[in-house]
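For reference, the structure discussed in these notes is given below.
The values are calculated or read from the model by the stated rules, or taken from the named source; none is laboratory data. Here the structure is a predicted model, which is why all the values come from computation and not from measurement. A quick note on method: Cβ atoms are made from the backbone with ideal geometry, for glycine too, and the neighbour counts reach across all protein chains shown. When the accessible area is computed, the model is the full protein with side chains, heavy atoms only, and any ligands, DNA or RNA have been set aside. Shrake-Rupley method; radii C 1.70, N 1.55, O 1.52, S 1.80 Å.
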Amino acid sequence: MTEQVAAQQVTPTGAMIRTLGLVSAICGLIIVGSYQGTFSAVQENKRIALERAVFKVVPKAKAVGEFYAVPGKGIAPAAGEAPAGAIKFYVGYDAAGQLAGIAAEGSGKGYADAVRIMFGYQPYCQCITGIGVVAMRETPGIGDKILTDRAFLANFEALDVKLSADLAALANEVKTVKHGTKTHPWQIDAIAGATITSRAVGRGINDAAKALLPALVPQLDKIRSKAP
Amino acid sequence: MSTAIEIRPGPHVKGPRSVEKIMANVVYSLLPICLFYVYQYGISALASILVVTASCLLAERWFVRTGTQSGHLGDFSATITGLLLALTMPPGFPLWMGAVAGMVAIALGKGIFGGIGCNVFNPALVGRAFAQAAFPTAIATYTPSFLPGRFAEFIPSTLAWPLMMPADAAAWLKEKHLDALSGATPLAQWKFEGIVADAADLLSSLSGHMAVGPSPLLILACGAYLAARRFMDWRIPIAVLGSAGAVAWVLYGFNPGHYPSPFFMLFSGGLILGAVFMATDMATSPVTPTGMWVYGGLIGLLTVLIRYYGGLPEGVMYAILIGNAATPLIERVTQPTPFGKGVLGKKRAASYDLTPDYISREEAAAVTPKKRFLRNKPRKGL
Amino acid sequence: MSPTPANTPTTWDEFLEGIWKQNPVFVMILGMCPTLAVTVSAVNALSMGISTALVLIASCGLVSLMRNIVPKEVRIATYIVIIATLVTAVDYAIQAISLALYDALGAFIQLIVVNCIILGRAEAHASKNPPLPAMINAAGMGVGFTIGLLSLGVVREILGAGSLFGISLFGAQFQPWVVMVLPPGGFFVLGSWLLFFSWRARRQQAREATQNA
């Protein structure tokens with residue numbers, strides 16, 4: 001031990017660099033190895049999680065396709081790098097390969113953090129037919145009522161998101177109103193006592209729909225049926 | 001000299017006004033309020049008061065029995081905590097939740113700080129804050145007062161099984177064809193629906209079936225008795241109510257359409273009860289007269305701000321807890337200058353050293369009362 | 001925590017040290033960040049404990065192997081690189097096992113890197129002992145940490161959700177204690193456990209004192 005301590009006291013710079021370099025190289029190998037080893041499983045998990053989220057808001061769907069919508073340019077299947085300003089959305093196809101609905105993600109500032117939601121859009125009624133939560137940190141028992149409150153979920157049986165005549169913007173912005181004051185199909189009736197979270201959901205849907213739908217709706221025919 | 005001498009802070013004059021006597025008088029003055037509460041809500045309120053107080057006494061007994069702190073059951077302090085805690089909670093609050101809140105109030109609010117006189121926060125409010133955080137729905141569920149048959153039948157939520165969800169009060173009212181009566185407190189109605197109740201009605205609590213606590217007028221009368229007998233300092237309630245009223249009045253003056261009248265602010269919710277019985281808790285409020293004004297003013301201001309701009313309709317509880325936390329600072333800043341000291345060097349002039357040299361030789365050899373709890377337990381940081 | 005000389009046969013005590021006498025959570029009060037943050041449910045607590053234990057054992061083994069070739073001046077840097085590597089590997093492994101679990105544990109997986117138990121063990125024990133005792137000691141610490149997290153996680157899940165390992169205990173009518181799944185709940189439960197252990201220790205002392213007298 002003592003010789004070792006003495007030797008260490010005069011460690012040359014080269015030895016230190018050599019050791020650190022060696023350790024870093026081994027560690028680099030371990031990281032690359034574990035990344036490669038888990039890559040396929042991680043991708044598979046992510047795909048399953050995504051499908052589960054999409055199937056929840058588009059119940060008839062059996063398969064999912066990923067697309068990008070670029071405002072002003074239209075839509076394209078998602079492959080490789082996302083073009084600038086692109087909005088990702090998911091197309092659900094039923095067992096026959098026909099369009100069953102469209103799912104997209106939106107987020108709004110909630111009570112504790114952003115509330116990220118997934119909503120399902122049906123072209124035939126131009127309305128939103130279901131929501132699911134991707135991630136949120138709202139107060140349990142209060143904010144997370146957006147998942148369980150029947151009256152609140154009833155808002156999303158057919159939430160109107162029709163586009164205006166020139167297909168450039170929403171005809172009516174989606175808006176969250178105070179509990180019990182919903183009068184129009186594009187309004188969301190907030191949960192009493194969880195108004196902030198309800199508003200976050202409304203804003204998330206509104207922002208995402210406003211950006212996505214004008215690019216998507218004119219080109220709906222492109223995705224009517226599943227590409228072979 | 002083997003006898004241990006206990007060092008206790010002055011004054012050492014023995015007067016007829018002992019802690020026990022003061023506490024007993026506070027209990028006496030709380031009794032009419034509790035009676036009125038039972039008159040308002042019937043046997044549910046009675047059961048709630050009894051269970052909460054009993055659980056406070058049980059917790060107190062355990063902490064006193066383990067021998068780690070001074071105080072005993074007979075000093076009435078735990079009784080006060082229990083009564084106040086029960087009064088701040090809705091009458092139909094499930095009994096098991098009330099028992100949990102009572103235990104937490106004494107254990108977390110008082111026991112772990114060392115017992116009577118050592119607590120930093122008002123124990124009743126600690127218990128209520130815990131209940132508010134743990135059971136936010138149940139603690140916001142009020143029922144209308146003066147219901148017919150309230151002395152014969154429990155509010156169903158009262159009798160919820162331990163750990164189980166209370167029955168839905170709205171469904172119960174519907175069943176009794178009383179759903180025209182609102183179970184929302186006046187503050188919640190103002191906050192969420194924009195309905196402002198009449199201040200005179202709130203003052204007496206007697207008109208209609210309002211979902212309110214005991215009459216502010218009665219609380220003020222009981223507080224006046226305590227203040228007149230010098231069992232309570234009159235400055236704190238006056239400061240709390242004055243500052244809350246003044247802030248509410250200024251805001252009302254700016255925009256009467258948006259803000260309710262200052263009288264509504266004063267007489268709604270638990271402001272009067274908090275100002276008279278909770279903010280004045282001797283262990284958790286400043287001892288200097290100037291400090292009392294500052295402390296009361298802070299609580300009043302915070303109450304109004306939380307009510308107007310916070311997420312919850314009621315703000316008295318958090319305002320008082322924050323006031324409690326600020327008490328040591330307020331005391332430090334508002335220390336009076338001892339006679340003979342100049343204006344210069346006034347700051348902290350009345351502070352005492354931790355090891356004063358004026359202790360006599362006999363006292364210097366004295367043994368301080370042993371703190372046995374957590375001894376021999378070295379701790380390292382994070 | 002006396003450093004065991006290299007030639008002492010490793011004993012059961014070495015393993016038990018981390019579980020009871022030097023329990024990282026209840027005695028050393030180390031690694032409070034994951035202790036308070038991820039113990040919302042028993043599953044989270046268990047997986048956090050196991051991940052930390054794995055990183056702990058592997059990093060102590062590696063550090064112990066390298067203890068003679070790493071110059072003193074750069075030892076901390078080396079330890080950190082090793083620990084960070086292992087944490088990254090565990091991070092990928094958890095992603096591969098369950099994304100839901102990965103989301104629930106959040107940033108706290110990556111934060112194992114700065115968990116003071118691991119660096120503390122590497123510096124105080126592994127760098128002075130051969131691999132086998134170092135790993136056994138680390139395993140004890142890891143198990144102790146897992147037990148600590150579990151005892152918080154179990155209480156918080158039972159009170160906060162009425163379930164244990166996701167299995168409902170009280171039926172649908174259970175009233176959850178919201179505060180228990182919020183950050184203050186972590187402090188309340190940790191405090192209660194510490195109170196319990198102190199109370200026990202005090203009683204034991206008192207009993208020993210009366211026996212000796």
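What residue, of C:GLY106, C:GLY61, is within 14 Å of chain A (Cβ to nearest Cβ), open to solvent by less than 50 Å² (accessible area, probe 1.4 Å) and in contact with a Pro (Cβ under 7 Å, 6 or more places away or on another chain)?
After applying the criteria, what remains is C:GLY61.
Counting just the residues of the stretch C:179-191 that are touching a helix residue (DSSP H, G or I) at 6+ places or on another chain (Cβ under 6 Å) and within 20 Å of A:GLU138 (Cβ to Cβ), which one comes out modelled with the lowest pLDDT?
C:VAL181
For C:ALA96, state whether it is over 22 Å from C:VAL178 (Cα atoms), within 14 Å of chain A (Cβ to nearest Cβ) and either at pLDDT 85 or above or touching an Asp or Glu at 6+ places or on another chain (Cβ under 7 Å) (or both).
In short, yes.
Report, by residue number, each residue of the stretch A:144-200 that is surrounded by 15 or more Cβ atoms within 10 Å (Cβ to Cβ) and hydroxyl-bearing (Ser, Thr, Tyr).
A:THR176, A:THR195, A:THR197, A:SER198
Taking the condition of being within 9 Å of chain C (Cβ to nearest Cβ), in a helix (DSSP H, G or I) and more than 19 Å from the chain's Cα centre (by Cα), how many residues in the stretch B:124-180 meet it?
2
Sort out which residues of the stretch A:16-74 are of a type in the set (A, V, I, L, M) and in contact (Cβ under 8 Å) with a residue 40 or more places away in the chain, and write them in order of number.
A:LEU50, A:ALA53, A:VAL54, A:VAL57, A:VAL58, A:ALA61, A:ALA63, A:ALA69, A:VAL70
With (1) under 18 Å from the mean Cα position of the chain (by Cα); (2) part of a helix (DSSP H, G or I) as the list, and C:THR39 as the residue in question, which single condition is left unmet?
Unmet condition: (2).
For the list (1) within 11 Å of chain A (Cβ to nearest Cβ); (2) open to solvent by 20 Å² or more (accessible area, probe 1.4 Å), I need the number of the one condition that C:VAL114 fails.
(1)
Do you know which of the residues in the stretch C:68-92 that are open to solvent by 40 Å² or more (accessible area, probe 1.4 Å) and in contact (Cβ under 8 Å) with a residue 40 or more places away in the chain is nearest to the other protein chains (Cβ to nearest Cβ)?
Among those that are open to solvent by 40 Å² or more (accessible area, probe 1.4 Å) and in contact (Cβ under 8 Å) with a residue 40 or more places away in the chain, it is C:ARG75.
So if I check each of B:ILE306, B:ILE299, B:ILE272, B:ILE322, which one is open to solvent by 70 Å² or more (accessible area, probe 1.4 Å) and within 18 Å of the chain's Cα centre (by Cα)?
Just a single option satisfies the conditions, and that option is B:ILE322.
Out of all the residues in the stretch A:139-193, which are assigned to a loop (DSSP other than H, G, I, E, B), β-branched (Val, Ile, Thr) and touching a Leu at 6+ places or on another chain (Cβ under 9 Å)?
Hits for the stretch A:139-193 are A:THR139, A:VAL161, A:VAL174.
Within the stretch B:223-241, track down each residue that is farther than 17 Å from B:LEU266 by Cβ and open to solvent by less than 30 Å² (accessible area, probe 1.4 Å).
Residues satisfying the conditions are B:LEU226, B:ALA227, B:PHE231, B:MET232.
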